[in-house]
Amino acid sequence: MTEPATKRTGPLSFVRRGGRISEAQERAWRELAPTYVVDVPRDVAETSVHPDARFLPDREFGRAAPFVVEIGTGQGHAIIHAATEHADTDFLAIEVYHGGLARTMLEAEKAGLTNLRLIEANAPEVLLTLLPEASTDEVRIFFPDPWHKKRHHKRRMISPGFGAVVGRVIRDGGLLRLATDWEDYALQMREVLDAEPEFERAFDGDWAARFEGRPMTAFERKGIDKGRSIRDLVYRRTAR
């Protein structure tokens with residue numbers, strides 16, 4: 001379900017996907033959300049962010065530590081793996097899929113994670129206002145919605161101007177990591193970010209090596225089984 005266009009004027013990074021959730025997922029929202037989900041003040045829509053709201057990582061986690069943001073975490077496989085492997089780093093998952101957020105909470109509970117928080121919100125609004133400027137060491141966007149029909153390409157998140165949006169929250173020298181299994185989107189990502197003054201390539205050749213910190217998921221394997229190549233990109237934030 002999409003939210004009515006009349007309720008928003010800014011960019012929208014997703015189509016809201018509904019569906020029934022299991023009893024375990026309902027328990028996650030009832031019992032685990034107070035621990036893991038950040039209560040974000042809303043603006044005009046259900047997943048909007050009030051422009052005066054702020055997320056301060058040091059205050060939220062109670063420590064000064066490296067801070068990594070993942071946009072579009074799905075069911076949380078990559079960020080759960082990362083948070084488990086790197087207890088000295090704090091992680092923020094941004095997702096709007098209710099069931100996926102619940103699944104992430106259940107896995108976080110199982111792993112006993114204390115260095116992970118979740119935000120249910122439209123990603124561009126999080127990047128534009130909620131997070132402080134230069135507060136993030138790394139932003140990860142793995143397999144964003146490709147909007148594969150040509151008439152829908154304008155809805156893709158990584159499009160001209162995105163460098164300024166995501167670059168706002170990444171510290172100088174920090175990284176932006178991307179991956180997709182749609183070749184035309186990979187080409188668009190590379191073309192867009194090569195032209196954005198906020199970023200420079202942090203890889204040699206046509207594509208970056210596969211990010212070793214991203215576990216192989218059923219979603220990624222499905223793309224490979226269908227004959228699609230996985231393309232990775234990594235860019236470094238230039239000095240302000």
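No lab work stands behind these numbers, since they all come straight from the coordinates. Just so it is clear, the structure is predicted and the values come from calculations on it, not from any experiment. With ideal geometry, Cβ positions are generated from the backbone for all residues, glycine too; neighbour counts draw on all protein chains shown.
Counted over the chain, the DSSP beta bridges are approximately 30% antiparallel. Sites listed here are trypsin sites (Lys or Arg not before Pro) in region 198-227 whose DSSP assignment is loop and whose Cβ has at most 10 other Cβ atoms within 10 Å: 226. Neighbour counting of Cβ atoms within 10 Å sorts the residues 175, 131, fewest neighbours leading, into 175, 131. Neighbour counts of other Cβ atoms within 10 Å put 130, 101 in the fewest-to-most order 130, 101.
Each Lys and Arg contributes +1 and each Asp and Glu -1, all at the Cβ; summed about the Cα centre of region 39-126, the dipole is approximately 120 debye.
Ranking of 71, 119, 21 by neighbouring Cβ atoms within 10 Å, starting from the fewest: 21, 71, 119. A Cβ-based charge dipole, computed about the Cα centre of the chain with Lys and Arg at +1 and Asp and Glu at -1, lands at about 780 debye.
Once Lys and Arg get +1 and Asp and Glu get -1 on their Cβ, which of 147, 108, 205 lies farthest toward the positive end of the dipole of region 102-214? Value: 147. Among the listed values (i) 22; (ii) 18; (iii) 27, the one computed from these coordinates for percent of Cα pairs over 31 Å apart is (ii). GNM, the chain, Cα, under 10 Å: largest mean-square fluctuation among 62, 174, 100? Between 62, 174, 100, it is 62 that shows the largest mean-square fluctuation. Excluding same-chain residues fewer than 8 positions from residue 154, which aspartates and glutamates have a Cα within less than 19 Å of its Cα? Of all the aspartates and glutamates, those that pass the test against residue 154 - Cα under 19 Å, at least 8 places apart if same chain - are 3, 125, 145, 181, 183, 184, 191, 194, 196. Under a 5 Å amide H cut-off, with hydrogens placed 1.01 Å from N, residue 118 pairs with 37, 38, 93 among residues at least 5 apart or on other chains.
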